[in-house]
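*Asks:* Below you will find the structure I want to go over with you.
Where a number appears in this text, it was derived from the coordinates with a stated rule and is not lab data. Just so you know, these numbers come straight off a predicted model, no measurement behind them. Methodologically, a virtual Cβ is constructed for each residue, glycine included, from the backbone with ideal geometry; neighbour enumeration extends over all protein chains shown.
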Amino acid sequence: MPRDLAFSCRCGSLAGVLHDASPRSGCHLICYCADCRAFARHMGVADRLTPGGGSQLFQALPAKIGITKGAELVACLRLSPKGLHRWYAACCNTPLANTVGTPKVPLAGLWVPLFADPAALGPVVTLGFTKMALKEPGAPKKDRGLVRMLGGLLMRSAASYADGTARISPFFTADGTPVVAPKVIDPAAKAAAYAA
Ligand SMILES: [Zn+2]
Ligand SMILES: [Zn+2]
């Protein structure tokens, strides 16, 4: 059964809801890419990475994400001038979601540790960029579920364009501008975040 799933940053100043959450409403994945890992380190949440240095994300439609408290705390960081928009709560540096730089692509990868109880998202079905996983116990050896991820993405995108909700997002205004100007990480902080 889809349900509304509450989330909040670590300090509780920012809170929100993922509407109609269910295993079919998005893709529950772990991304082992060095960029997601560097972002987690920079935010001070490396302790929430999975074995192998993975970031647990739920790719959802942005229109399903509502920020109910502390919307003015939303901030955005990019790890390079062309990198993903990585949204976070500025009060306590909790990651919120990553998106591309335009609401034309209806996709937000929510940081799953935001949810006190993520059970409604179902189990992790996709492992990505496992070649970049840290060599440590529990690290996966092979990607899986990427075709399923892509298929779900296309189907949800098409459905959201069909029902007119594709460009609704808590991270972009109606004209497609980011709600806050993204900053690019400074070089010293970047080097520290990528250092293993
Ligand atoms: Zn906070
Ligand atoms: Zn990644």
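*Asks:* Using the Cα centre of the stretch 56-196 as the reference point, and only Cβ charges (+1 on K/R, -1 on D/E), how large is the resulting charge dipole? Debye, rounded to the nearest 20.
*Replies:* Working: 16 positive and 7 negative charges, 95 e Å.
Once rounded to the nearest 20, the dipole reads 460 debye.
*Asks:* If each DSSP helix of 4+ residues adds -39,500 (n - 2.57) and the sum is divided by the residues in the chain, what number results at 222 nm, nearest 500 deg cm²/dmol? Each step should come with its number before you reach the end.
*Replies:* On the way: 3 runs with 35 residues, N = 196.
-5500 deg cm²/dmol, from helical runs alone.
*Asks:* If the reach is capped at under 16 angstrom between alpha carbons, list the lysines near Lys190, excluding any in the same chain fewer than eight residues apart.
*Replies:* Leaving aside lysines fewer than 8 places away in the same chain, those within reach of Lys190 are Lys82.
*Asks:* Taking trypsin sites (Lys or Arg not before Pro) as exposed when DSSP calls them loop (any state but H, G, I, E, B) and at most 13 other Cβ atoms lie within 10 Å, what is the longest stretch of the chain free of them, the sites themselves excluded?
*Replies:* Working: sites that count: Lys82, Lys104, Lys135, Lys141, Lys142.
In the chain, the maximal stretch lacking such sites is 1-81.
*Asks:* Under a point spin-label approximation (7 Å from Cα along Cα-to-Cβ), what is the Asp4-Lys135 distance to one decimal in nm?
*Replies:* With each label placed 7 Å out from Cα toward Cβ, I get 4.9 nm.
*Asks:* Give me the lysines in straight-line cross-link reach of Lys104: C-alpha distance below 16 Å, same-chain residues under 8 apart excluded.
*Replies:* Within the straight-line limit of under 16 Å, Lys104 reaches these lysines: Lys64.
*Asks:* For Val147 and Val180, calculate 0.36 nm times their separation in residues minus their Cα-Cα distance, and state this gained length in nm to one decimal. Walk me through the intermediate numbers first.
*Replies:* Values: separation 33, 0.36 × 33 = 11.88 nm, distance 3.31 nm.
Going from the current span to full extension adds 8.6 nm.
*Asks:* Please list, or write none, the aspartates and glutamates whose alpha carbon is within less than 17 Å of the alpha carbon of Lys69, excluding same-chain residues fewer than 8 places away.
*Replies:* In chain and number order, the partners are Asp4.
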